[in-house]
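The values are calculated or read from the model by the stated rules, or taken from the named source; none is laboratory data. Just so it is clear, the model here is predicted, and its values are computed rather than measured. Neighbour counts are summed over all protein chains in view; Cβ atoms, including those assigned to glycine, are modelled from backbone coordinates with ideal geometry.
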Amino acid sequence: MNENENNGLVQREQQQSSGLDLGRALGVGGPEIKEVDKAENFRATVVRLIKYLKPQYPMLIAMILIAGIGAWFAIWVPDIMKKVTNCLADSIEYFIDIGRPPDGNNQLYSYIAPILLTCGALYVLNALFQFTSGLIAASMSQRVVRRMRNDVKQKLDKVPLSYFDATPTGDVIARFTIDIEMISLTLQDSINQIITGVTTVIGVFIMMVRIDWLLSIIALVSLPMLIVVSAVIVKKSQKEFARQQERIGVLNGHIEEMYTAHHVVKLYNHEKESIETYEKINKELKKATRRSQFLASIILPSIKFIDNLCYVGICVGGGLRAGGGLITIGDIQALLSYTRQFAQPIENISNIANTIQSSIAAAERVFQVFDLEEMSEEGSRSISVSECEGRVDIEHVAFSYDKDKPLITDLSLHVNAGESIAIVGPTGAGKTTLVNLLMRFYDIDKGRILIDGVDITEYSRNDLRSLYGMVLQDTWLFNGTVADNIAYGNPGATREEIIEAAKEAHADQFIVTMENGYDTVLKEGATNISAGQRQLLTIARAILKKPRIIILDEATSSVDTRTEKYVQSAMLAMMKDKTSFVIAHRLSTIKHAAVILVMNHGDVVEQGNHETLMAKKGFYYELYNAQFAGVSDENRDDDTAESRFRQT
Ligand SMILES: Nc1ncnc2c1ncn2[C@@H]1O[C@H](COP(=O)(O)OP(=O)(O)O)[C@@H](O)[C@H]1O
Ligand SMILES: [Mg+2]
């Protein structure tokens, strides 16, 4: 039992650490491992958790009752069994005195058999009740977990994007996985064990007092010793376990770092350092493991030791009292079995105390998600792609991610329906931010953004976003077939439409050469195709969506120059009659744009077409020249210019 408990503990700890490693794997670093995971506001969280369980109250109460009653059946048995012992003891005396009477055995059987049957029945009932309460606990905990996952999901759908910017992905994932899993564990196991344990300790003690109050004092004395030993050692060993887990986490992180960047490590001749670091961490891990193993291994013997002292005490005391005729042999036997039942629940409870503590901490983190501020109310006005003209007005907009660091301070812009706007500017100028605001991924601090003369906050978010098609530098493809990936924004699209869109995006050529064509399954992160091919797929996806307003944020940055020529023509066709915002493209796209916005430090510093901007000899002119410095004049035709004019 003790070993099982400890294994369970290790598993839980490992789950926790694998969650953290997930965070690390995502390159975001998990939350710091603390020695003991404690809730900041324990009591409030417990109260809140109890309130949260409200729909499960009937099940919870049934479970507690059944577990409590079930424990009583087992408590009863020694008390009944003692009659058998007494009877046997009597009959032994009886045999010695008067030999074998004709009805002696019959009497033995008629008296003992029913008692044994009752005991058997009590054990069966005990098992049945335990089984039932376990079933109820499992079902209850699954319900709670499902509800909690749904609630977290629904909440996260309403949380502004800035939360995800500020929160490591691993952290968000941990809420869904280990935190909720932790709570479920407590609901499933710990409550049951506590109810059974507490009932057993109380029940056993009552029984002992009933048999002989003097001898039960021996048990009473051992009780605090048991509690102290299990609490102190278990606590210490859990601390060491946490340290061990932390070291494992560091080791995993190191291994992962070294193997994901295998070639870099080799290239820079860092193998030796890497091995040294590994050995250092490994040594520390060995130390931590030895200590935790040592502590874990002394728990059981220490408890057994106290338990045995108590056992001996009762044997001796019981012998004396029985000799004096104050109690029977059956009483001693019952007391001895009760002593055996005493220690285990206490040890169990101290073992799960930490699990419960961690669960409350986990619940607190989940509740923190529930308390997050939601996005501003969305409008109710509906708009569809076919109704939308695509006129965009930006009026004196101010926005910053961090209120202390102003980014966009006063930006105004008028874009006619169907117009193409190119946005250029150095890295960090705020180009991506501007398009994020257009799609209302963030709420602006000041000013208004209008589409067709209506403030975008009046539209519902879904409708607003349905107007846009976007292709970004970072491609996002999911684990699914090529066709599914293209149809992502348009799940109802037919195979013909998908193929047509892929052809327009010049993706068809490479798709048909793949093993299963459009049904080829893309691996996670689509690592089985090149960066350029991934981008073509996202372009096909945007084409298929047939949006009203198009946003291309460095959309062809990973496509080679030759492919880009095709894609550019496809994109030009896609952009026809549509309002479009094209960020930092190669020159031909920019030149084609009716308006070029030159951004710097969050503001539009210049505006005009290529010729007027060049003639102005201002920021754009500088930017342009800086890009082409060292390229002789005759080489400055569109081709080389295109391939070099890359802004981020
Ligand atoms: N999600 C974000 N949270 C906080 N700051 C951000 C975020 N995204 C961008 N920034 C900051 O805002 C500025 C503008 O970034 P961005 O619009 O992405 O520039 P660009 O696309 O022109 O390179 C940068 O200084 C960048 O560090
Ligand atoms: Mg950008």
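For segment 388-424, a residue qualifies if it is charged (D, E, K, R) and surrounded by 13 or more Cβ atoms within 10 Å (Cβ to Cβ), and the qualifying residues are Glu389, Arg391, Asp393, Glu395, Asp410, Glu419. Checked against (1) loosely packed, with under 13 Cβ neighbours inside 10 Å; (2) more than 35 Å from the chain's Cα centre (by Cα); (3) farther than 17 Å from Ile456 by Cβ, Ser384 passes all but condition (3). Considering segment 487-524 alone, what residues qualify as being closer than 20 Å to Ser466 by Cβ and surrounded by fewer than 13 Cβ atoms within 10 Å (Cβ to Cβ)? Those that are closer than 20 Å to Ser466 by Cβ and surrounded by fewer than 13 Cβ atoms within 10 Å (Cβ to Cβ): Pro491, Gly492, Thr494. Listed by first and then second residue, the pairs linking a residue in segment 412-433 that is within 16 Å of Ile590 (Cβ to Cβ) to a residue that is assigned to a helix (DSSP H, G or I) and among the hydrophobic types (A, V, I, L, M, F, W, C), with Cβ atoms under 6 Å apart and 6 or more places separating them unless they lie on different chains, are Ser420/Met575; Ala422/Ile590. If you check Ile349 against the conditions, is it closer than 30 Å to Ile211 by Cβ, buried (at least 17 other Cβ atoms within 10 Å of the Cβ) and without any contact (Cβ under 8 Å) to a residue 24 or more places away in the chain? No. Could you go through segment 557-566 and let me know if any residue there is modelled with pLDDT under 80, within 16 Å of ligand 2 (Cβ to nearest atom) and either within 30 Å of Cys388 (Cα to Cα) or surrounded by fewer than 20 Cβ atoms within 10 Å (Cβ to Cβ) (or both). Yes, segment 557-566 contains a residue that is modelled with pLDDT under 80, within 16 Å of ligand 2 (Cβ to nearest atom) and either within 30 Å of Cys388 (Cα to Cα) or surrounded by fewer than 20 Cβ atoms within 10 Å (Cβ to Cβ) (or both).
Go through segment 156-194 and give me each residue that's within 15 Å of ligand 1 (Cβ to nearest atom) and in contact with a Ser or Thr (Cβ under 9 Å, 6 or more places away or on another chain). The one that is within 15 Å of ligand 1 (Cβ to nearest atom) and in contact with a Ser or Thr (Cβ under 9 Å, 6 or more places away or on another chain): Pro160. For the criterion of being under 30 Å from Cys388 (Cβ atoms), in contact with a Lys or Arg (Cβ under 9 Å, 6 or more places away or on another chain) and away from ligand 2 (no atom under 16 Å from the Cβ), Ile539 fails. When Thr200, Thr260 are checked against the criterion of being at negative phi and surrounded by 17 or more Cβ atoms within 10 Å (Cβ to Cβ), Thr200 stands alone in meeting it. Checking each residue of segment 463-471 against the condition of being surrounded by fewer than 18 Cβ atoms within 10 Å (Cβ to Cβ) and either away from ligand 1 (no atom under 14 Å from the Cβ) or at positive phi (or both) gives at least one match.
Here Glu564, Glu606, Glu554 are screened, and the one residue that is within 24 Å of Ala487 (Cα to Cα) and within 16 Å of ligand 1 (Cβ to nearest atom) is Glu554. Residues in segment 416-430 that are in contact with a Ser or Thr (Cβ under 7 Å, 6 or more places away or on another chain) and either within 14 Å of ligand 1 (Cβ to nearest atom) or among the charged types (D, E, K, R) (or both): Glu419, Ala422, Thr427. Restricting attention to segment 317-355, the residues that are among the hydrophobic types (A, V, I, L, M, F, W, C) and at pLDDT below 85 add up to 6.
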